[in-house]
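One structure is given here, and the rest of the page talks about it.
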Amino acid sequence: MEMTRTYADLAAPAALARSILSCPAEVDLVVDGVPHPLADDTRLPMQDLAGVPTFACTPGGALSRAGADGLHVVVTVRSGLGPAASSLREPSLAIAGRLRPDGREACQCCDEIRDRLVVDLDLVAVVRGGERTAVAVEDFLDPALHLNPGYLQRAVEHANDHHGDELRHAVASRTGVRPRSIVAVHLRDLTPRSVEVAWITAEGGTRTVLRFPSVARTPEELGDLLRRALHPGLC
């Protein structure tokens, strides 16, 4: 499945469901038999790992214990797709399954050790206007959906929000302009084939489309192609 610069592919329920999981605005969960599963976790980081909802939680906390017991969980994900006022924000994703421990990890921002839980999927559905559209689990987990529009949007948002200095140096290296002369750099319209780069200097704004030498098939391939297109030395 080839992604485009638009969200046209989201007409397929499985693609929309995976995109919402990859680009959530809000995540909530209800755990069978646990009145307050987030009592020990004021924040609940969730990752989409190849279609599997994955949570990092406090070791020994209520959610961690629920994972150890393999309890049933319902996860609700509100769409973060598109601009804030977009109709793409209207649908949500409902996932039912069982929690399962999947090791421990260190928090990237503070090195705090967190328990990692995954959800073994039983049911997946897109909810819009009170109507539920079921999505087959095998379709939801299709590897062709790894580079879904939600993943591409969130990848651009992450780069723009957290890697501004690296982007300025990459543009400076490509253009011969001093990094301090570049006011801002933004990526947009990331696809498996290309990315648009826009930057602002005192002379005004410039944008260009960088086309990759091959089509990315996985998130790892996309990350490598993006780094090489921007600057071979970009981390």
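The values are calculated or read from the model by the stated rules, or taken from the named source; none is laboratory data. Because the structure is predicted, anything quoted here is derived from the model rather than measured. Virtual Cβ from ideal backbone geometry, glycine too; neighbours counted across all protein chains shown. Side chains included, ligands, DNA and RNA excluded: accessible areas come from the protein's heavy atoms. Shrake-Rupley method; radii C 1.70, N 1.55, O 1.52, S 1.80 Å.
Summing Cβ point charges (Lys, Arg +1; Asp, Glu -1) relative to the Cα centre of segment 25-157 gives a dipole of roughly 180 debye. Here the Karplus relation 6.51 cos²θ - 1.76 cosθ + 1.60, evaluated at θ = phi - 60°, turns the backbone of segment 17-33 into coupling constants of 4, 5, 5, 5, 4, 6, 9, x, 8, 7, 10, 9, 8, 10, 10, 4, x Hz, with x for every Gly and Pro. Calculated [222 nm] ellipticity per residue, helices only, for the chain: -7500 deg cm²/dmol; basis is -39500 (n - 2.57) per DSSP H run with n ≥ 4, divided by all residues, nearest 500.
What percent do you get for the relative contact order of the chain when only Cα pairs under 8 Å and 6+ apart count? The partial results should precede the final answer.
On the way: 453 pairs, mean separation 40.1, N = 235.
So the answer I get is 17 percent.
Full extension of the segment from Asp32 to Thr218, taken as 0.36 nm per residue of separation minus the current Cα-Cα distance, would add 63.5 nm. Mind checking which of Val185, Ala155, Val126 is farthest towards the positive end of segment 117-203's charge dipole, using Cβ charges of +1 (Lys, Arg) and -1 (Asp, Glu) about the Cα centre? Positive-most Cα among the choices belongs to Val185.
Rg/Rh, computed from the Cα trace of the chain with Rh as the Kirkwood radius, has the value 1.01.
For segment 68-122, averaging the sequence separation of C-alpha pairs within contact (under 8 Å, six or more residues apart) and dividing by the residue count gives a relative contact order of 33 percent. For segment 165-175, the Karplus equation 6.51 cos²θ - 1.76 cosθ + 1.60, evaluated at θ = phi - 60°, returns couplings of 5, 5, 5, 4, 5, 5, 5, 4, 5, 6, 9 Hz by residue, with Gly and Pro reported as x. Between Thr76 and Ala144, the simple spin-label model (points 7 angstrom out along Cα→Cβ) gives 3.2 nm.
Kindly state, to the nearest 0.05, the FRET efficiency for Thr201 paired with Ala85, given R0 = 30 Å and r defined as their beta-carbon distance.
The computed FRET efficiency comes out at 0.45.
When the accessible area of segment 94-155 is split by element with a 1.4 Å probe, what percent falls to carbon and sulfur?
Whole-percent figure for carbon plus sulfur exposure: 49.
In this rough spin-label picture, where each label sits 7 Å from Cα along the Cβ direction, the Asp102-Gln47 distance is 0.8 nm.
Measuring r between the beta carbons of Asp69 and His158 and using R0 = 25 Å, the FRET efficiency lands at 0.15.
If R0 equals 25 Å, the separation of the Cβ atoms of Thr208 and Arg178 corresponds to a calculated FRET efficiency of about 0.85.
Axis angle, to the nearest 10 degrees, between helix 149-162 and the longest C-alpha principal axis of the chain: 60 degrees.
Per residue, segment 109-159 exposes 52 Å² of solvent-accessible protein surface, assessed with a 1.4 angstrom probe and all protein chains in place. For the options Ala85, Ala94, Ala202, a Gaussian network treatment of the chain with springs between C-alpha atoms closer than 10 Å singles out Ala202 as fluctuating the most.
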